[in-house]
Structures are given as structure tokens and as C-alpha cells.
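First comes the structure, then the notes that go with it.
The values are calculated or read from the model by the stated rules, or taken from the named source; none is laboratory data. Keep in mind that this is a model prediction, so the values were computed, not measured. Cβ atoms come from the backbone with ideal geometry, glycine included; neighbour counts cover every protein chain shown. Keep in mind that these areas ignore ligands, DNA and RNA; they rest on the heavy atoms of the full protein, side chains included. Shrake-Rupley method; radii C 1.70, N 1.55, O 1.52, S 1.80 Å.
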Amino acid sequence: MELLWLAVSTIAIGVFGCVAWFWGSNWLLDRIYPPRGAQAGDNIRRASQIRPWLFLGPAILFLTTYLVYPVLDSFWRSLFNSNGSQFVGLDNYVWLVNDGKFRESMLNNMAWLLVVPALSTLFGLLAAQLTDRLKWGNIGKSLIFMPMAISFVGAGVIWKFIYEYRASGETQIGLLNWIVTQLGGEPQIWLTLPVWNNLLLMIVLVWIQTGFAMVILSAALRGIPEETIEAAILDGASPLQVFFKIKVPQIMGTIAVVWTTITIVVLKVFDIVFVMTNGQWGTQVLANLMYDWMFRGTPDYGRGSAIAIVLMILVTPIMVWNIYNARKEVR
């Protein structure tokens with residue numbers, strides 16, 4: 001109950017605080033530069049130059065406090081030893097290059113990057129196309145989108161039960177092992193099997209992100225001019241040809257935005273791995289490795305910060321490219 005009241009009060013303070021700021025700052029600006037009297041023209045011009053910054057000011061303040069400062073602080077910490085008492089320069093980055101777990105994390109993140117965005121975008125595109133052709137398509141879309149409402153931790157717990165293992169001869173409570181035993185196979189501890197465990201973790205994120213891809217791509221498909229589709233049909237194009245040669249090329253920009261957005265999520269993946277395997281059995285990823293060094297056992301803030309900086313460097317160019325494409329789509 002205390003957490004509920006805290007959440008409600010935080011939302012209320014945030015909303016009413018914004019309203020109070022914008023109303024109060026505009027009221028004060030109009031008093032300093034009143035839009036009347038002998039100087040009305042100059043006052044209106046000056047107020048018009050200042051007013052946008054009244055709206056941008058809080059955003060810039062919070063971005064600087066919660067984004068720019070933490071990045072600079074993390075980089076500074078990465079140049080020191082575990083407790084920040086001794087300057088070590090780039091030693092933590094040299095350690096990263098030579099650390100086996102870091103290389104494992106990089107390889108796993110690359111595998112996630114190859115699999116998850118591709119499958120999520122593909123399934124989302126297929127779902128968007130197929131649900132638009134069905135009478136009960138809206139219900140189907142709701143069911144596909146529903147995993148997006150589940151936290152990554154919640155999704156990890158759900159799928160951990162699906163992969164749950166019980167010894168041979170016992171009742172299998174894990175859906176996957178139950179299916180295997182019904183088909184005459186032996187139950188497996190799936191999350192400990194090399195290669196397979198990473199793929200099974202990726203399935204969880206694909207399950208979540210497919211709904212996101214479907215919603216965005218469905219809107220893009222509906223925005224395609226009907227004239228182009230009708231012209232293709234009159235020219236004798238089959239439904240598959242219309243889809244792949246007419247529709248898909250016209251939404252390639254949106255597909256790229258969806259792909260890169262999911263890529264950013266993949267690079268930062270943490271919760272699913274933490275809940276399901278905690279990075280064991282060859283499933284370590286960068287974000288979980290960073291958490292291990294920062295908060296487990298004896299914290300090493302230097303190495304943890306170095307991993308955080310590497311993660312930021314990987315995410316930043318994709319994020320910039322994504323913003324560029326999104327703006328190009330708008331134009």
C-alpha cells in the first residue's frame with residue numbers, strides 16, 4: 001500500500017509540478033515583458049525568444065542530470081581502481097580485452113543482435129499483414145501485443161516455468177519437457193545446454209518484441225496508397241508478389257526503424273538473462289556482466305564502469321541512426 005501511495009503521489013507531483021511550472025513561468029514572463037504599453041512590440045519579441053526555453057529548460061536540466069552527468073561520471077570511474085582510490089588510466093579497458101567472460105558476453109550479444117531483431121521484425125510483419133486480412137484480426141493483434149505489457153522479469157519467470165525440468169519419471173511441470181516426454185523423449189535441463197540455452201533465452205525477447213513490431217508495421221502497411229496495390233492487382237500480380245514487391249519496399253524505412261529500435265533493446269538486455277540463468281552456462285551478456293562487477297561480491301566500480309562505457313559506445317551509433325531515419329520518415 002505504501003508503494004502504491006508513493007507511485008500515485010509521484011505521478012501527481014510530476015503532473016501538477018509541470019502544470020505549475022509552465023503556468024507560473026509564463027505568468028512571470030508576461031509580467032517582466034508585458035504585451036502592452038509603449039514597449040509592447042519589443043516585449044513580445046523578447047518574450048517569444050525566451051518562451052521556448054521555459055518549455056525546454058526542465059527537459060535539458062533532467063537530461064543533463066540523469067543522462068549526461070552519469071555518462072561522464074561512469075567514464076571517470078572507469079579510469080580508477082575498484083574503489084576509486086587510485087588512478088589506473090586505461091587498465092580496466094585492457095583487462096576487458098583480455099577477459100574471457102567479456103569476450104563471451106560480446107559474442108552472445110552479437111548472437112542476440114543477429115537473431116532477435118530479425119525474428120521479431122519478421123514475425124511482426126507477418127502478423128501485421130495476416131491480422132489485417134482477418135475478421136477477428138483486432139483480437140489477434142491484442143493477443144500478440146499482450147506480452148509487451150509484461151515486464152522482462154515477469155516474462156523471464158513465465159518462460160522459466162515453461163523450460164522447467166523434473167527428473168525422468170516425475171510429473172513434468174515445464175511445458176517444453178512435458179511435450180518432449182509425451183513424444184517419447186527424455187526431459188532436458190534446457191537452460192544448461194550450450195547454444196540451445198542462448199536460443200531459448202532469445203525466444204523470450206522475440207515473444208515480447210513481436211507485438212511492438214506488429215503495431216508499428218501494421219500502421220505503415222495501412223498507410224500504403226491503395227492505388228499502387230490496385231494497379232499491381234490489375235497487372236496480374238499474385239498476393240505474394242503484391243506483398244513482397246509492392247508493400248514491403250514502400251515500408252522499408254519503417255522496417256529499418258523497428259529493426260534498430262529492437263537492436264537497442266537487445267544490446268541492453270539484462271532482466272531476462274538475470275532471472276533465467278544469471279549469465280551461467282555460457283549465457284553471459286554485457287549488461288549482466290556489468291551488474292556482476294558493480295554489485296556482486298566485492299564491487300569493482302572501475303571495471304563495471306568500463307563495461308558500461310563499452311555498452312554505451314555500442315548503443316549510441318545505432319540510436320543516432322534510428323533517430324535520423326525516424327525524422328526522415330516524418331519528412
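Just to be sure, is Gly302 in contact with a strand residue (DSSP E or B) (Cβ under 6 Å, 6 or more places away or on another chain) and either β-branched (Val, Ile, Thr) or over 30 Å from Ala220 (Cβ atoms) (or both)?
yes
Only one residue in Phe161, Phe102 is assigned to a helix (DSSP H, G or I) and either in contact with a Phe, Trp or Tyr (Cβ under 8 Å, 6 or more places away or on another chain) or surrounded by 13 or more Cβ atoms within 10 Å (Cβ to Cβ) (or both), so which one is that?
Exactly one of Phe161, Phe102 is assigned to a helix (DSSP H, G or I) and either in contact with a Phe, Trp or Tyr (Cβ under 8 Å, 6 or more places away or on another chain) or surrounded by 13 or more Cβ atoms within 10 Å (Cβ to Cβ) (or both), namely Phe102.
Is it true that Tyr301 is in contact with a helix residue (DSSP H, G or I) (Cβ under 6 Å, 6 or more places away or on another chain), aromatic (Phe, Trp, Tyr) and open to solvent by 30 Å² or more (accessible area, probe 1.4 Å)?
Judged against the criteria, Tyr301 is a match.
If you take the residues in the range 279-304 that are of a type in the set (S, T, N, Q) and modelled with pLDDT under 90, which one is nearest to Trp159 (Cα to Cα)? Spell out how you get there, then give the answer.
Taking the range 279-304 first, the residues of a type in the set (S, T, N, Q) are 280, 283-284, 288, 298.
With modelled with pLDDT under 90 added as a condition, the list becomes 280, 298.
Numbers: Gln280: 17, Thr298: 31 Å.
Applying the filter and picking the extreme gives Gln280.
Which is touching a helix residue (DSSP H, G or I) at 6+ places or on another chain (Cβ under 8 Å) and part of a loop (DSSP other than H, G, I, E, B), of Asn288, Asn278? Even if it seems obvious, please write down each step before you answer.
Details: Asn288 fails: part of a loop (DSSP other than H, G, I, E, B).
After applying the criteria, what remains is Asn278.
Here are some conditions: (1) part of a helix (DSSP H, G or I); (2) touching a residue at least 60 places away in the same chain (Cβ under 8 Å); (3) over 22 Å from Ile255 (Cβ atoms). Ile144 meets all but one. Which one does it not meet?
With respect to (1) part of a helix (DSSP H, G or I); (2) touching a residue at least 60 places away in the same chain (Cβ under 8 Å); (3) over 22 Å from Ile255 (Cβ atoms), Ile144 is out only on (3).
When you look at Val116, is it among the β-branched types (Val, Ile, Thr) and either assigned to a loop (DSSP other than H, G, I, E, B) or open to solvent by less than 50 Å² (accessible area, probe 1.4 Å) (or both), yes or no?
So Val116 passes the test.
Which of the residues belonging to the range 4-49 are open to solvent by 50 Å² or more (accessible area, probe 1.4 Å) and in contact with a helix residue (DSSP H, G or I) (Cβ under 6 Å, 6 or more places away or on another chain)?
Hits for the range 4-49 are Tyr33, Pro35.
Show the residue pairs that are 6+ apart or on different chains and have beta-carbon atoms under 9 Å apart, the first residue being within the range 19-46 and in contact (Cβ under 8 Å) with a residue 12 or more places away in the chain, the second being hydroxyl-bearing (Ser, Thr, Tyr).
Close Cβ pairs satisfying both conditions: Arg46/Tyr33.
Quick test of your reading of the structure: Gly174 fulfils all but one of (1) in contact (Cβ under 8 Å) with a residue 60 or more places away in the chain; (2) open to solvent by less than 80 Å² (accessible area, probe 1.4 Å). Name the failing condition by number.
Here Gly174 clears every test but (1).
Can you name the residue in the range 60-90 that is of a type in the set (Phe, Trp, Tyr) and assigned to a helix (DSSP H, G or I) and is also most open to solvent (accessible area, probe 1.4 Å) among such residues?
The initial filter retains those residues of the range 60-90 that are of a type in the set (Phe, Trp, Tyr), namely 62, 66, 69, 75-76, 80, 87.
Restricting the remaining residues to those that are assigned to a helix (DSSP H, G or I) gives 62, 66, 69, 75-76.
Values: Phe62: 118, Tyr66: 160, Tyr69: 137, Phe75: 98, Trp76: 140 Å².
Restricting to residues being of a type in the set (Phe, Trp, Tyr) and assigned to a helix (DSSP H, G or I), the top hit is Tyr66.
Residues Ile139, Ile179: which one is open to solvent by 50 Å² or more (accessible area, probe 1.4 Å) and within 30 Å of the chain's Cα centre (by Cα)?
Result of the check over Ile139, Ile179: Ile139.
So Asn197 passes all but one of these: (1) touching a residue at least 24 places away in the same chain (Cβ under 8 Å); (2) open to solvent by less than 40 Å² (accessible area, probe 1.4 Å); (3) out of contact with any helix residue (DSSP H, G or I) (no Cβ under 7 Å at 6 or more places or on another chain); (4) not hydrophobic (A, V, I, L, M, F, W, C). Which condition number does it fail?
Going through (1) touching a residue at least 24 places away in the same chain (Cβ under 8 Å); (2) open to solvent by less than 40 Å² (accessible area, probe 1.4 Å); (3) out of contact with any helix residue (DSSP H, G or I) (no Cβ under 7 Å at 6 or more places or on another chain); (4) not hydrophobic (A, V, I, L, M, F, W, C) one by one, Asn197 breaks only (3).
Can you tell which of Ile307, Ile262, Ile318 is in contact (Cβ under 8 Å) with a residue 24 or more places away in the chain, under 30 Å from Ala232 (Cβ atoms) and under 21 Å from the mean Cα position of the chain (by Cα)?
It is Ile262.
When you go through Trp259, Trp207 one by one, which is the residue that is surrounded by 13 or more Cβ atoms within 10 Å (Cβ to Cβ), at pLDDT 90 or above and closer than 22 Å to Leu119 by Cα?
Only one candidate passes the filter, namely Trp207.
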